[in-house]
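Following: one structure in structure tokens, then a few remarks.
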Amino acid sequence: MRGQVYKSTGSWYILRDEEGKLWNARTKGVLKLDDITSTNPVAVGDWVEMEIESEAAGTALIITIENRFNYINRQSPRQKHQHHIVAANLDQSAVIVTLREPRTSQGFIDRFLVACEMYHVKPLIVFNKSDLYRHKEMNLYASLCDMYTAVGYPVLLVSAEKQEGMEELHEFLCNKVTLLSGHSGVGKSSLLNLLVPGIDRKTQDISGWSGKGQHTTTFAEMFDLPNGGKVIDTPGMREFGLVDISKQELSHYFPEMRDRIHHCQFNNCQHYNEPGCAVKAAVGQGIIHEDRYVSYLTILDSIEEKNY
Ligand SMILES: Nc1nc2c(ncn2[C@@H]2O[C@H](COP(=O)(O)OP(=O)(O)OP(=O)(O)O)[C@@H](O)[C@H]2O)c(=O)[nH]1
Ligand SMILES: [Mg+2]
Ligand SMILES: [Zn+2]
């Protein structure tokens, strides 16, 4: 019997079988040995072979995991050398960001985008809390929007509070499987509550963003959209730690650089300060945005640190 993982706490799971029935499931011990470098062998979005344990109690066992079409991996926040599968079998991933309460850095967005490129998941950047943006933040939004649109990434501006921009968001999510990620407090669950009426998921209390970065959502969970498609809510993350990436391949995950790296004088160019670098030349000409290049260098640096 097949089922899909709708919720994962790390020790138990909620599965939905092909008839739509929900089951509380555990893994059979042996599964845990399959992938020792991952802190979670089973992720939300996984399709599994399941076995009913008790029909009356609604419990089941996960026997095997089907091959993943794709997945998003990140560094485990606690164990640096382990990775954590955020979700599997995705069409796209939306990073929810805010320019106030809290402010998401461009560096965080760029790391998220690199992860999407690495794992072949289409990204979407959603700026939430537009109701809080004053003149300064609206200008910042406009320049970020231009920068990412020029690279080819879709950008949306929404407000869960004022329910603005929700139609465009609906359109993007319809009939697709979308992972929502972003810092704690950016409004992932608030947006989800609007997208899936009736689920009433817990959000941070009305005092709003506390600045303490407490997580309101604690486990990844998938929901069916009323008009088709699925959305996965996740706990907020502080950093997007990239796994299994080498310095040499990083520029392949910046689309605006990818097209130019063949024109560098050296084929192992890391576009730092090598002579004849086509990427640096494009930055100088304003073809590649300087801020994206700065992000590239920052990530490049962080990869070096990890290697010794
Ligand atoms: N002003 C304003 N506040 C918002 C908006 N969206 C969400 N909030 C508030 O921001 C706070 C955090 O929202 P949540 O939906 O819990 O954030 P989250 O991203 O799910 O956070 P975690 O579950 O901790 O990762 C809540 O107090 C919301 O009411 C918005 O568009 N405008
Ligand atoms: Mg939440
Ligand atoms: Zn170069």
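The values are calculated or read from the model by the stated rules, or taken from the named source; none is laboratory data. Everything quoted here is computed from the prediction, not taken from an experiment. Heads up, the Cβs are rebuilt from the backbone with ideal geometry, glycines too, and the neighbour counts pull from every protein chain shown.
Within the stretch 176-186, is there a residue that is surrounded by fewer than 19 Cβ atoms within 10 Å (Cβ to Cβ), more than 16 Å from ligand 3 (Cβ to nearest atom) and either of a type outside the set (Val, Ile, Thr) or at pLDDT below 95 (or both)? Yes, there is a match, as at least one residue in the stretch 176-186 is surrounded by fewer than 19 Cβ atoms within 10 Å (Cβ to Cβ), more than 16 Å from ligand 3 (Cβ to nearest atom) and either of a type outside the set (Val, Ile, Thr) or at pLDDT below 95 (or both). Could you tell me whether the stretch 75-85 includes any residue that is part of a strand (DSSP E or B), touching a Lys or Arg at 6+ places or on another chain (Cβ under 6 Å) and either away from ligand 2 (no atom under 16 Å from the Cβ) or of a type in the set (Gly, Ala, Ser) (or both)? Taking every residue of the stretch 75-85 in turn, at least one turns out to be part of a strand (DSSP E or B), touching a Lys or Arg at 6+ places or on another chain (Cβ under 6 Å) and either away from ligand 2 (no atom under 16 Å from the Cβ) or of a type in the set (Gly, Ala, Ser) (or both).
Looking at 124, 179, which is the one that is part of a strand (DSSP E or B), in contact with a Ser or Thr (Cβ under 8 Å, 6 or more places away or on another chain), farther than 18 Å from residue 228 by Cα and more than 8 Å from ligand 1 (Cβ to nearest atom)?
Numbers: 179 fails: farther than 18 Å from residue 228 by Cα.
After applying the criteria, what remains is 124.
Between 279, 294, 243, 283, which is in contact with a Lys or Arg (Cβ under 8 Å, 6 or more places away or on another chain) and at pLDDT 95 or above?
Working: 294 fails: in contact with a Lys or Arg (Cβ under 8 Å, 6 or more places away or on another chain); 243 fails: at pLDDT 95 or above; 283 fails: in contact with a Lys or Arg (Cβ under 8 Å, 6 or more places away or on another chain).
Checking each option against the conditions leaves just 279.
In the stretch 1-28, the residues that are under 21 Å from residue 39 (Cβ atoms) and at pLDDT below 95 form Cβ pairs under 7 Å with partners that are outside any strand (DSSP E or B) and of a type in the set (S, T, N, Q), at six or more places apart or across chains, as follows: 8/40; 10/40. Could you please let me know if residue 254 is within 11 Å of ligand 1 (Cβ to nearest atom) and hydrophobic (A, V, I, L, M, F, W, C)? In short, no.
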